[in-house]
Structure formats: C-alpha cells, structure tokens
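The structure under discussion appears below in the form of structure tokens.
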Amino acid sequence: MMHDHLLSIILFSPFLGATILFFIPNTRREVVHAVAVTFSGISLLLSLLLFYTFDINLGGFQFIEQTVWSERLGISFYLGVDGIGTPMVLASALLMFCGIFVSWNVKDRLKEFYLNLLVLGSATMGVYMSLDLFFLFFFYELSVIPMYLFLTIWGRHTKGYKDMKGHLNMKGEEKRESVSFFLNFNKNSKDYAAMKLTLYLSLGAVIALLGIMLIYVKTGLNTFNIIDIAEKGNLSTGIKEIAFILIFVGFAPIAAIFPFHSWSPVGYAAAPPAASMMHAGVLKKLGHFTIIRICFYLFPEATAEWMPLIALLCVINIVYGGLVAYLQKDTKFVIGYSSVAHMGYIFLGLASLNHISLTGAVFFLYADAMAMGLLFALAGFIYYQTDTMDIPSLGGLVHNMPFVTCCFVVGAAASFGLPGGMNFVGELMVFMGAWEVYPVQTIIAALAVTITWAYYFKMTRAMFFGEANPKLAHVKDASHWYERLPLVLLVFFTLFFGIFPGKFLSVIEKGVQPILARIDSIPGTAIAKQPDIPNTPGDNPDS
Amino acid sequence: MTPPTLSLADLNLTLIAPELWMILLTCVVLSLDFACPKISKPKLAYLSIAGMACITLQLISYAIDGTSGTSFGTMFILDPLAIFFKVFILLATILMILGSINALEKILYFRGEYYFLLLFSAIGMMFMVSANDFLSLFITLEFSTFGFYILVAYLRDNLKSNEAAIKFFILGALSAGLISYGVSLIYGSTGTILFQKIAEIQPEASLGLVIGLLFVFIGIGYKLGAFPFHTWVPDVYQGAPTTVTAYLSVVPKAATFGIFLRVVFGAFLGLKADWQWMIVSISILSMTYGNLTAIAQKNMKRLLAYSGIAQIGTILIGMAAGTKMGVESILFYLLTYLFANIGAFIVVIIFQNLTDKDDIEDFAGLNRRSPLMAFAMLVFLLSLAGVPPLAGFIGKVYVVAAAVNQGLIFLVSVALINMVISFYYYLIVVKKIYSLEPKETTPIHIPIPLKIAIYVSIGGVIFLGIWPKPFINAAVAATSVFTDLVLR
C-alpha cells in the first residue's frame, strides 16, 4: 500500500503541511515549527526510502501511479520516477527540510514563510515525478510564484539600493514605483529582482507551454502522457524540430544558460537563504531535468542536431560566469555566479550525449544541489549574524565561528571539485565524456576550473581568515541544534556520496540508458558511445 | 410565411418555469419592500437568496432529466446550454447579493429596490440565454440592460456614478441601434430571423449579410466590453457602486457570451471564414490593449476593468477556434472568471466599505490588517493571471489547447505573451498587499455574509483548479447542443 503510493505521499505531505499551517496563528511559533518540520521530514524520510528501494535491476520508470484527471483533455495525474528523477526528489526533500531549519529565526510572518517553502518544495518534487506533460508544466509554473513572494516579502535589497533614494529629483519613494524606473534603473531592489526572476521564468514557461501544446495537438493522441507520446506519437520532423526549440528555449532560462542567465544571481542575492538554497539547488535543475525528460526523450533527432550549439553556449557560461564571480564583492553574488558557471558544466555533459558524460551531468545536478544548498545556507547564516554580505567588510570570522568556517570550506571545496566531494566525480565524468566529442570545449572548461578555484579561495580567505574586523567581534557560531542540523546534513550527504558514489551512479545509469538508447537508434548518427572509459590521457585536470 | 399561432398548450410552461418563479420572487421582494417599509433589508436579501437557490436546484434537476424544448413558437429555447448559463447567472447573483448586504448600509435610499433591480436584470439575462431568434435576442438584451442603467446610477449624489450611467446608457443605446440595424440586414439577406433556419439555409456570404453580421458583432462587442468597443468599461466600473461593478463585470458578459455562441455557432457556422478574422482581431486587440493599459492604472477598480477587457479577449480565443473544444473552453473559462473576478471585487467592496478608498496604493500592507483578505486577493489575482493550481490556469490551458488544435498559432502566441504581461500588474498589486507596511494598522473586520462570499469564491477558484473534471463534464454536456461543430 505504502509502496503503491510512495510518490504521492512524498509529494502531498508538504502540501498537507501547508494547508494545516494556513489555519495556525502566527503567534504559535513552536506549533508552526513543529508542523513544518514534521511534514517536510516525512517527505525526506520517504524520499530516502524511495532512493534505496529504487530497483536498479529493473530500471525504467518505477513507483508508477496513475489517476485519470480529465478524459476530455486527455490529462492524467501520472507519477513515476526513473534513475534521473529519484536523486532529484531526494535533493528537493533534503533542501526543503534543511530550509526549514535555516529559516528558523525568521521573525516576520514565519507561518507564511514556511507555507511558501513547503509549496515550493513540493511543486519542485512534482516536476521531478511527473510523467504527464500537463502536470509537469503545472508543477513547474506552480514553483515560480512562491519565489516571487519570497523575494518581495522576505528578500533584501542588494548592493547599496538604499543610497539611491536621494540622488533623483523626484521623491525617492515615488520614483522607485514608476514603470520606467522599475525597468531601467532600479536594479538593486528586491522588487526588481523578484519581478525579473518571475517574468523571465514565466516567459520561458509560456514558450514551453506552446511547445507542449504543439506536441499534444500534433500527435493526435489526445494525451499528455510522455511515455505514450514517445512510443506512439508520430510527429513529423518539422514539428519535432519546432517543439524541440520551443521547449528548450522555454526551459533553458531556468537553468541559467547564457544569455538567459541574468535573472539568477540577482534573484539569489535578494532572496532569503532558504529560497536561494531551494532555487539554486533544485529549481534551477528543473531546466536540465525537463530538457532531458522532454527534449532528449521525445526528440532524439533534434537533440543530436542542436547539441553542438549548446556546447558552445555552455563554455560561455563556464568562463563568463566564473570571471564575473571572481569580481563580485557580495557573498551571495559570488555563489550565484558560480552557480551560473556550474550550469555550464552540466550543459556540457548533456551536450556530449554519451553514457559517461550524461551520467556525470545528472550526478552533477545532485552534487551541485548539495553544494549550493550548503553555501547559500552559510551565506544566509553569516548575513544573519553580521548583517552584511559585503566580502571586504568581513574577515577573520574563523575566530568566532569555527564550525561555520569548517562547513564553508567543505562546501567551497566540494563546489570547486576537490576529490572527496560529489562535484569532483561529476566534473570528472563530464570531462571524460565530453573529451570524445568536443575536445576544444573540454579543454577550455577544464582550464576554467582554475577560475573556480580562484574565486572560492579568494572569498574564503577574505571572509574567514586574515585580520578580524573589530566590528564583528559580537558574531556567534552556529551553536543551536537547529542551526547545526541542516549544515551537518548537507555536509554529510556531500561527503558520503562523494566518497561512495557507486550506488548513486548505478541508479542514474538506469535513467540515462533508455534515453541514450533512443538517441543511438537514430539512423546515420553514432554520437552516443558505449559505456567504456576513454583511454585518452591528459583529460583529467582535477587530479 | 404563416404567422405563428400561440395557444396556451404550445407555451409549455415547464420550460419557462424557472423564469416564472424568478418573476414571482422579484414581485414578492418588491411588494414586501413597499408593503412593509420597516422590514429589515437584509431579510429581503436572504429571501432572494433562498428563492434563487431553489430555482437553481430546479434547473439542475432539468439538466439531470434532460428537459429541453422550445416555447413561444420558437422564440424561447431551453437546452443544456441555456441551463448552464442560467445556473451560472443564478449562482453569480446569489454571490453578489451576499456581497451587497453590508455595502447597502452605506446607501441611504432605495435599498429594497436594489435587490429588485438585481433580480430583474437576472431575469432578463435568463431569458437572454434562451433567446432563439434575433427578435428575442434584441428584446432580452435590452430587457437585461435596463436594470443596470439604474443600478450604475445608484449613488445619485456622486458625480462619477452619474457620469458612468450616462456613458453606459448612451453607448448601450448606440449598440442596441447597431444590433437592430445588423439584424435587419441579416433578415434582408436571408429572409428569416430564426437561428436554426439560417443554419439550414446556409446563406452565401453576401456583402449585406457580412455587414449585418459585423454590426451585430459590434453591438455584442459593446456589451462584452471588447476592444475597440470598450471605452465605457473603465469609467462605468469606477463610477458605479462596487457591488454593481462586480456584477456587471461578470454576469452580463457571460450571458452575452451565451447568446453570442448561439448566433455564431447556431446560425452562422457556415460563414466561419467570414467571422473568424473578426473574432481573432478583436481578441488580439482586447488582450494587448487591456493588459498594457492595466499596467498604468492607479485605481483598483480601473485595474480590474482593464484586466477584464483582457480576459474577454482571452475568452474570445475559444470562439475563434470555432470547435466544440473551443465552446467548452469558453464555458469553463467563464466559470473560473466568475469566482476569481467576483472574489476580487468582493475584497475591494469590503475595503471600500471600511475606508471609502479604492486606489491600489490604499491596499498597501493589507496583509497586516487582514490576512484573509490579502490571501483572498492573492488567490483571485493569481487565478486571473493563470497560475496553477488555480482555476484560471486550467481555463487558459483549455482555451489555448482549443486554438492550437485549429492552428491559430499566432493568436496563441499573442495570448501567451499577454499572460506574462498580465503577471506584471497582478504581481505589483500582490507586492503592495504583502510587502509594504500599511499606513493604518487597525485590523479589518469582515462581516459574515462577505466572509461567506469570500470563502465560496476561494473554494471555487481552488476546486476548479485541482479537480475540474465535473465542471469540464458540465461544459461538455452544454456544448452538445451544437451538433454541427467539429470536436476539436
């Protein structure tokens, strides 16, 4: 019974928690905490169960649930996970759970905050589970709006926004409300960040919706069921091409592919820590996931055709994102741009379209979720303690917060790909796979790893070591259990799966194989390679 | 042509029983108000609500039994489509009467007549969605509008209310003139005014016929408030009492759609090539104009007025598709629009009752003063914007699916881009409600009837969003009257 409905329990437990929270007054903080922890905890435990009971020998889509939602429109509520969805469900549940603790101290409207977080978390998991295009889109769009609320209600203005008030002739407040100001100059307000993020992602979403509708209509099957469309859908090449482009352009912005990345660092910097964690950690990966799920799965021919272009764009992501990150002076902006850069590695892995690189890319999805979650949680904690994100005004924090420093170093090391962290495994596999197909891009990407090293070293040194800022003598380390628990959990998952990636990789392989098999079966192309380790030397920049 | 003979046996009173009951109810309400001037006005409201609830049940039983037929010769038709719209009208009227009870305390005169006029217009619209030829179309269209002319001018000391009424009246009269001229041209080219006859004759597209059709469309466009016939909408919405605005923004539009569907699909389906371009262009213009203008609004009622123009444009997409799926999507969309729009206006009504203000600025920090109202507004605006899991999202997907099926890709692209534009202004309101601090911090007390109305609307918006199946089925059943339409 439980196994039959495992996915819907994981998915609806946070929704249920959100509904209960709605009826609890904000003054009962302890009840609000308890409800949020309980219902996200259920999701986390069950998604661990899901991960460990996913049958590696069986492969394919498992834990399938199907309920007809509307015969007329051909929509069914169809859940199921494969080797790609399973780890991402785990990552979403974990980050949601950690997010609850990270925002323990939110003073203003805690209930609404948790409600939002729970809705955001379960919407994300909904996308990773959906096998019906309609519901995939449903949950995707549902995940956009909570971010807007997070940013406008609990966000912060970035980079000297408050100074902007005076230097205009009009009254500052009034001017900041006007449309032109909003669109052009108001770059550092949380409102700008919120609106930019929402409109970017919504615009992407409606483009993708057009693509989904095109698939729905042109197959003539009156179904949104992905598996049915893959098996029986007889689309002409032209339609496939158009649908591929629409869906890729629609979903790639959330994965922050160049040139659609600009919403992301601004948005993360303005968002409260839990929201940044969720968004950088798992929501961003919805882009890659939906591209794999829809584009790769349904349109292998178009995928094979367009991937070289993606391989070019992702190099820009890597180099440009890295260089900009190096120049930032705001902790969250550094992490935000590093996230943009990391998306490039994942896209490189996707573009190479072979077994090892695709597995690596999916592994990287999870790894980056952990690293980003950890780093944003810490950046949020440091902001909470010091009231600043400005790196030069920090310094010597290690004396006051050794535990936080330790976690930050682990997070940074994992993020730049030090062996032992998960990112290392992912990066290595991506490079190994990509070398076969795009040697030039691989060399550039591998060299760009040094940029990653550089900005993480620079940031870590400036924040934690060196001379202590006397103004920051009062800061405290993470000492409460609720402050330490999320950090410990994230560090544990990063290191554990970094050192023992075997189980993880075998789960992912099961998800990757059928997709590559479809791409392999295209006559006349032989892009996909068998899963053998390439024996080219010198493609291993990290070791 | 033989003149139709009328005998009582032909009248088939069961078919018009709901309307007859409504007339009785209206008369009772009016005479109670006259006969016992001391009677408390909320009692009249609850009487009307109870009466209409019974009539709704009767209509639902008709729908289950499959009662249908024509009466008054062929002027009046009762079929699933008519029943759908009648239930719609009654539900909306009930909601609005609930929403008006407390607002009326501010109006010092003619409180009893208010309910009478609301019910009177509802009767007009119930006849309207049953109109089966151009003559009854014209009569019922006018019949239903009379009540509104008075209702809009209800705040007789308020200059804006009077201005609104005059605008409304003049443009309404103009549109009536256009419709009657259009009808005469159609009659001239086809020799009949019966929808069904016209469909049987399958007239060739002659110049006179197309111009006649265009005039009818323009007249109906006025009633719908679609661009470029929208000019009265913002002023009337702003000037009229908010309760009337709420009613005006949903119910007459839905009823007009009811008759519009009959004209277009019941009579002129054969001329699809001639009317489709008209609908497509009106739709594109309404959406774009409505959404872009809404961005600049500073008054909540005007914002909702412009968003309403855009919503009408979106609904017209389903019409442009011209398939069964398109009609279903219109019916479903109207349901989502009913709850979301009336709900949003009810929040405005509560706020205005208390503060006499309705600028968007004034709503700042509403969340601090009344979390329920803020949440309700959030839900209604997001539903209007088309965000899952709310009703508006399903409505939009339905409409878009119907249009993509017919290959109207350009129209759909415009609609989708407009969806993003509409996010902007809806979210600005959400931002003000949630993230700013209020100037005044006194909590807002919501009277019970309005609370019920808010909860019903929230429930409707969420239920239609997560379990739309029964409503889609109802729309499919209502659409079955257009037998000639292709499925999708």
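Annotation: residue A:116 fulfils all but one of (1) polar (S, T, N, Q); (2) out of contact with any Pro (no Cβ under 8 Å at 6 or more places or on another chain); (3) modelled with pLDDT of 90 or more; the unmet one is (2).
Whether any residue in segment B:55-73 is aromatic (Phe, Trp, Tyr), at pLDDT below 90 and over 24 Å from residue B:351 (Cα atoms) is what I want to check. Working first, answer last.
Taking segment B:55-73 and keeping what is aromatic (Phe, Trp, Tyr), we get B:62, B:72.
Now restrict to residues that are at pLDDT below 90: B:72.
Those still in the list that are over 24 Å from residue B:351 (Cα atoms) too: B:72.
Yes: segment B:55-73 contains one or more residues that are aromatic (Phe, Trp, Tyr), at pLDDT below 90 and over 24 Å from residue B:351 (Cα atoms).
Say whether the condition of being over 30 Å from residue A:223 (Cα atoms), out of contact with any strand residue (DSSP E or B) (no Cβ under 6 Å at 6 or more places or on another chain), in a helix (DSSP H, G or I) and β-branched (Val, Ile, Thr) is met by at least one residue in segment A:18-25. Scanning segment A:18-25, I find at least one residue that is over 30 Å from residue A:223 (Cα atoms), out of contact with any strand residue (DSSP E or B) (no Cβ under 6 Å at 6 or more places or on another chain), in a helix (DSSP H, G or I) and β-branched (Val, Ile, Thr), so the answer is yes. When B:163, B:204 are checked against the criterion of being of a type in the set (Asp, Glu) and at pLDDT 90 or above, a single residue qualifies: B:163.
Just one of the listed residues (B:169, B:134, B:148, B:138) is crowded, with 23+ Cβ neighbours inside 10 Å, more than 22 Å from residue B:92 (Cβ to Cβ) and not acidic (Asp, Glu), and it is B:134. Restricting to segment B:269-319, and then to whatever is free of Cβ contacts under 8 Å to residues at least 60 places away in the same chain and farther than 24 Å from residue B:215 by Cβ, can you tell me which residue is farthest from the chain's Cα centre (by Cα)? Once the filter is applied, the top-ranked residue is B:296.
Go through segment B:426-447 residue by residue and tally those that are of a type in the set (Ser, Thr, Tyr), more than 9 Å from chain A (Cβ to nearest Cβ) and under 16 Å from residue B:365 (Cβ atoms). Reasoning before the result, please.
Our first condition is that a residue be of a type in the set (Ser, Thr, Tyr); within segment B:426-447, this holds for B:426, B:434-435, B:441-442.
Now restrict to residues that are more than 9 Å from chain A (Cβ to nearest Cβ): B:426, B:441-442.
Checking which are under 16 Å from residue B:365 (Cβ atoms) leaves us with B:441-442.
Going through segment B:426-447 one residue at a time, the tally reaches 2.
When restricted to residues that are closer than 15 Å to residue A:364 by Cα, surrounded by fewer than 16 Cβ atoms within 10 Å (Cβ to Cβ) and aromatic (Phe, Trp, Tyr), segment A:487-514 contains 2. Check segment A:65-83 and report whether any residue there is under 25 Å from residue A:41 (Cβ atoms) and polar (S, T, N, Q). No, segment A:65-83 contains no residue that is under 25 Å from residue A:41 (Cβ atoms) and polar (S, T, N, Q). Once segment A:48-106 is narrowed to residues that are aliphatic (A, V, I, L, M) and part of a strand (DSSP E or B), the residue that is surrounded by the most Cβ atoms within 10 Å (Cβ to Cβ) is A:81. Can you find a residue that is among the basic types (Lys, Arg), assigned to a loop (DSSP other than H, G, I, E, B) and within 14 Å of another protein chain (Cβ to nearest Cβ) anywhere in segment B:449-470? Taking every residue of segment B:449-470 in turn, none turns out to be among the basic types (Lys, Arg), assigned to a loop (DSSP other than H, G, I, E, B) and within 14 Å of another protein chain (Cβ to nearest Cβ).
With respect to (1) over 19 Å from residue B:375 (Cα atoms); (2) out of contact with any strand residue (DSSP E or B) (no Cβ under 9 Å at 6 or more places or on another chain); (3) modelled with pLDDT of 80 or more, the lone exception for residue A:136 is condition (2).
So, residue A:35, is that one of a type in the set (Val, Ile, Thr) and more than 30 Å from residue B:324 (Cα to Cα) or not? Yes; evaluated as a whole, the condition is true for this residue. Selection of segment B:52-93 for residues being outside any helix (DSSP H, G or I), among the aliphatic types (A, V, I, L, M) and surrounded by fewer than 18 Cβ atoms within 10 Å (Cβ to Cβ) yields an empty set. The helices (runs of 4 or more DSSP H) falling completely within segment B:362-425 that include 2 or more residues that are farther than 19 Å from residue A:206 by Cα and more than 9 Å from chain A (Cβ to nearest Cβ) map to B:366-369, B:371-385.
Going residue by residue through segment A:144-155, is there one that turns out to be in contact with a helix residue (DSSP H, G or I) (Cβ under 9 Å, 6 or more places away or on another chain), in a loop (DSSP other than H, G, I, E, B) and either at pLDDT below 50 or more than 11 Å from chain B (Cβ to nearest Cβ) (or both)? Spell out how you get there, then give the answer.
Start the filter on segment A:144-155 by keeping residues that are in contact with a helix residue (DSSP H, G or I) (Cβ under 9 Å, 6 or more places away or on another chain), which leaves A:144-155.
Retained after the next criterion (residues that are in a loop (DSSP other than H, G, I, E, B)): A:155.
Going one step further and asking which of them are either at pLDDT below 50 or more than 11 Å from chain B (Cβ to nearest Cβ) (or both), we end up with none.
No.
Among the residues making up segment A:343-362, those that are under 30 Å from residue A:269 (Cβ atoms) and touching a Lys or Arg at 6+ places or on another chain (Cβ under 9 Å) are A:343, A:346.
The values are calculated or read from the model by the stated rules, or taken from the named source; none is laboratory data. Because the structure is a prediction, the values reported are computed rather than measured. Cβ sites come from the backbone with ideal geometry, for glycine too, and all protein chains shown count toward neighbours.
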